[in-house]
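The values are calculated or read from the model by the stated rules, or taken from the named source; none is laboratory data. Fair warning: this is a prediction, and the values are worked out from it, not measured in the lab. Ideal geometry is used to build each Cβ from the backbone, glycine not excepted, and the neighbour counts take in all protein chains shown.
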Amino acid sequence: MTHRILIVDDERNARDALKSLLTDEGYEVREASDGEEGLEALAEFRPDAVLCDVRMPKMDGLTLLKRAREDGHEGLFLMMTAFGSIETAVEAMRRGAEDYLTKPLDVGAVTARLEKVLEKRQLVRDNQMLRERIREKYQFSHIVGDSPELQAVFDVVKRAAPTRATVLILGESGTGKELIAQAIHEESPRRAKPFVKVNCAALSETLLESELFGHEKGSFTGAVGRREGRFELADGGTLFLDEIGDISPGLQVKLLRVLQQREFERVGGTTTLKVDVRVVAATNKDLTAEVKGSRFREDLYYRLNVVSVTLPPLRKRKSDIPALVAHFIERYSELHGKEVRGLAPGTLNALLSYDWPGNVRELGNVVERAVVLARGTELTADDLPPTMRGPRPRDRSPDTLIPGATLYEIEREAILRTLEMVDGSTSRAADVLGISVRKIQYRLKEYAQQDADASRPSNN
Ligand SMILES: Nc1ncnc2c1ncn2[C@@H]1O[C@H](COP(=O)(O)OP(=O)(O)OP(=O)(O)O)[C@@H](O)[C@H]1O
Ligand SMILES: [Mg+2]
């Protein structure tokens with residue numbers, strides 16, 4: 001691909017020399033003799049890169065750069081500054097120039113630097129495209145579940161994601177907090193920038209501090225070289241602070257400062273660093289209780305809790321189970337090279353009656369195990385862990401059930417068996433039965449409640 005290069009310089013000789021050099025290198029070249037002409041050429045020629053002199057009549061190089069950015073031109077600017085005017089070079093970089101060359105030009109260096117910036121941009125673009133494609137493929141689609149509870153979570157995520165508000169994600173272990181944190185990043189304008197995760201419970205206070213903020217050489221035993229922290233790595237993107245409920249009081253203070261002022265120092269460092277980072281935090285602790293017990297700073301809690309989402313435990317949204325099971329069956333069948341397609345009669349009932357202390361993670365594990373053990377194309381109750389196979393009084397066949405059963409019991413049997421037949425899709429089950437999805441979900445919730453009541457030891 002031929003790159004287009006615009007040369008903006010008021011000195012004719014300098015332009016000519018550059019033009020013949022770059023043309024020989026195979027670039028398509030256009031010239032302009034001052035900033036105003038340069039601006040016109042930008043619009044018409046749409047150059048990939050601009051070699052731009054700083055001092056020029058009518059409009060100088062820095063102004064041209066500024067106008068170009070305001071007008072949304074994406075061409076890379078390489079400023080040509082007089083030898084020694086380092087302030088101008090710094091100012092140019094601050095305004096978004098890619099590089100600068102000092103005059104008199106070292107012609108050999110010009111093409112090398114040009115190639116380097118063009119290559120770097122290509123990498124960034126490829127990366128963006130890749131992310132874009134992954135995003136299209138995974139946008140919420142890998143978060144399975146159509147329960148009203150989960151839809152309410154999606155709704156908040158969709159509204160909060162495009163902003164830079166800090167989001168606090170609460171919920172028991174295995175409910176999908178990390179998935180939601182990723183979705184927030186992917187749904188935000190920061191999606192092309194890094195999503196960086198830190199598990200705050202996994203490290204000692206000293207190590208976590210250096211992990212977050214980086215350190216200078218020799219700042220503590222073991223700090224061999226200088227190291228960038230996660231806040232720096234996440235610049236422009238999202239930092240996911242997992243298990244935030246576990247950070248020490250000392251670090252809580254430091255975190256509060258970054259959240260408030262967006263600045264910090266590396267451990268052992270004196271330079272104040274500024275970053276543009278969106279923070280998403282998660283915990284399975286009850287943070288309000290932590291605040292009440294003075295283990296978590298209230299001011300930090302409010303900083304984190306600008307927007308909060310709570311992922312309900314799976315036992316409170318059992319209508320997500322059929323879809324999750326279908327999702328995991330597909331995933332693990334493929335992974336383990338099995339031909340499992342669905343559930344044998346009665347299996348869904350066992351899954352719905354269970355309490356799911358480990359939530360979606362546990363469900364995933366149970367299904368994976370069952371897929372691995374399955375002998376045929378359907379998972380049976382025998383493929384489930386023994387603890388889940390308990391007696392199921394309602395697991396009778398419809399023929400023996402109908403005489404003498406209430407209409408409600410028959411409806412239950414019809415709904416559960418139809419769900420099994422359609423691999424857990426509530427919408428397809430609704431079609432088959434001629435009732436609304438809402439009604440199915442409502443009933444599933446009732447069944448779950450009844451099962452919970454039935455399994456609770458009675459008081460009399
Ligand atoms: N709605 C969902 N759809 C599909 N997969 C899910 C869903 N929720 C959770 N999972 C899967 O369940 C597992 C646990 O989810 P995740 O790690 O996000 O939970 P968590 O809340 O962060 O748990 P912990 O508190 O233990 O860190 C992951 O493998 C995740 O992909
Ligand atoms: Mg997690």
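Among the helices (runs of 4 or more DSSP H) confined to segment 32-138, the ones with at least 3 residues that are farther than 22 Å from Arg4 by Cβ are located at 86-94, 107-138. Checked against the criterion of being farther than 28 Å from Val437 by Cα, of a type outside the set (D, E, K, R) and modelled with pLDDT under 85, segment 154-164 has no qualifying residue. If you go through segment 230-260 and keep only what is over 21 Å from the mean Cα position of the chain (by Cα) and basic (Lys, Arg), you end up with Lys254, Arg257. Remark: Asp71 falls outside the filter, which requires a residue to be out of contact with any Cys (no Cβ under 8 Å at 6 or more places or on another chain) and surrounded by 14 or more Cβ atoms within 10 Å (Cβ to Cβ). Only one of the listed residues (Leu179, Leu208, Leu203, Leu233) is crowded, with 19+ Cβ neighbours inside 10 Å and either modelled with pLDDT of 90 or more or not assigned by TED's automatic domain parsing to the domain that holds Val360 (or both). That residue is Leu208. For segment 164-189, filtered to residues that are in a loop (DSSP other than H, G, I, E, B) and without any contact (Cβ under 8 Å) to a residue 60 or more places away in the chain, the residue that is farthest from ligand 1 (Cβ to nearest atom) is Pro189. Got a number for residues in segment 336-356 being more than 16 Å from Leu324 (Cα to Cα) and either of a type in the set (Ser, Thr, Tyr) or free of Cβ contacts under 8 Å to residues at least 24 places away in the same chain (or both)? Matching residues across segment 336-356 total 1.
Being small (Gly, Ala, Ser) and exposed (fewer than 15 other Cβ atoms within 10 Å of the Cβ) is the filter; apply it to segment 275-294 and report the residue that is nearest to the chain's Cα centre (by Cα). Only one residue tops the list, namely Ala289.
Is there a residue in segment 261-274 that is touching a residue at least 24 places away in the same chain (Cβ under 8 Å) and either within 26 Å of Ser173 (Cα to Cα) or within 23 Å of the chain's Cα centre (by Cα) (or both)? No - not one qualifying residue is present in segment 261-274.
Restricting attention to segment 96-128, the residues that are under 30 Å from Glu186 (Cβ atoms), surrounded by 15 or more Cβ atoms within 10 Å (Cβ to Cβ) and not acidic (Asp, Glu) total 3.
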